[in-house]
Amino acid sequence: MKTDDARLEQVAVKREQYPEPDVYEFAFAGRSNVGKSSFINAMLGRKNLARTSSSPGKTRTINFYRVSDLRLVDLPGYGYAKVSKTERNSWAGVINTYLENRENLLEVLLLVDIRHEPSELDKAMYDYLIANGHSGLVIATKADKISRGQYQNHIAKIQKKLGIKNRDNIIPFSSVDKKMVDEMWDIFEDIVGF
Ligand code: GTP
Ligand code: MG
């Protein structure tokens, strides 16, 4: 995928602020700090187009990144304990409104940290995505933090917790070494049917 023209097209909280539903969108869901914004930067070949942070709760809006005839959509993270319940509920509302109403939303991928067992919220999100006809592709982030020999062991734990039928649906990814970027674009292009 040619990503030279990648840009932040729109920042939204409410439905009225979403850009026109004129191109397909891929959205990325996952708990705060799992690496959603970093994933988007890696895919777009940019260091800091999507703002990242070592402290969770960085992305609080829906950010629409336009690349060619697609959008990559950065969602706020869930499960961040250090904000008030009201704020957590309002972020959940922002995420759910998008997921439930976006007609041009082609696929939602769930991001989980390859090192940790997914949480109950991850499981709930995974079940929701499957129930809504998504493919159930899971990106296991921060793969550079473990050795390659450990991948299968960690992937097996993610598979078991989320109840994933096909282990191949869990894709190890690192935003640091970027080895998987081209393969990931191939997967996205397959989904779009380019
Ligand atoms: P919220 O916006 O808070 O929901 O977080 P996020 O999911 O967008 O996470 P973000 O991309 O901001 O990354 C969180 C932290 O993890 C940052 O310090 C990143 O540098 C780090 N990080 C993300 N991906 C990777 C990765 O693949 N490898 C390593 N080593 N660190 C990563
Ligand atoms: Mg973010």
Q. Can you pull the percent of the chain's accessible area that's carbon plus sulfur, 1.4 Å probe, other chains left in place?
A. 45 percent
Q. Which FRET efficiency value, to the nearest 0.05, do you get for D144 and E100 by plugging their Cβ-Cβ distance into 1/(1 + (r/R0)^6) with R0 = 35 Å?
A. 0.55
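Probe of 1.4 angstrom, ligands and nucleic acids ignored: what's the accessible area per residue over the chain, in square angstrom?
51 Å²
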(Q) Under 8 Å for C-alpha pairs, at least 6 residues apart: give me the relative contact order for the chain, rounded to a whole percent. (A) 22 percent
Q) What does the charge add up to near L49, with Lys and Arg as +1, Asp and Glu as -1, over the other residues with Cβ less than 14 Å from its Cβ? A) +4
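If we count every other residue with Cβ under 15 angstrom of K165's Cβ, Lys/Arg +1 and Asp/Glu -1, where does the sum land?
So the environment of K165 carries a net charge of +2.
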Q. Kirkwood-based Rg over Rh for segment 107-175 (C-alpha set), two decimals?
A. 0.94
Q. What does the charge add up to near E183, with Lys and Arg as +1, Asp and Glu as -1, over the other residues with Cβ less than 14 Å from its Cβ?
A. -4
Q | DSSP-defined antiparallel bridges as percent of all bridges, the chain, nearest 5 | A | 35 percent
Q: Using label points projected 7 Å from each Cα along Cα→Cβ, tell me how many nm separate R115 and K157, to one decimal.
A: 1.1 nm
Q. Considering only segment 1-82, what is the antiparallel percent among its DSSP beta bridges, to the nearest 5?
A. 60 percent
Q) So which of K82/K179; K85/K160; K145/K165; K47/K179; K58/K179; K36/K142 end up more than 22 Å apart by C-alpha? A) K82/K179; K85/K160; K145/K165; K58/K179
Q) When the gyration tensor of the chain is built from Cα positions, what are the square roots of 5 times its three eigenvalues, in whole Å, from largest to smallest? A) 23, 20, 17
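The values are calculated or read from the model by the stated rules, or taken from the named source; none is laboratory data. Please read these numbers as outputs of a predicted model, since none were measured by experiment. All Cβ positions, glycine included, derive from the backbone under ideal geometry; neighbour counts span all protein chains shown. Each accessible area value is taken on the protein alone, full model and side chains, heavy atoms only, with ligands, DNA and RNA left out. Shrake-Rupley method; radii C 1.70, N 1.55, O 1.52, S 1.80 Å.
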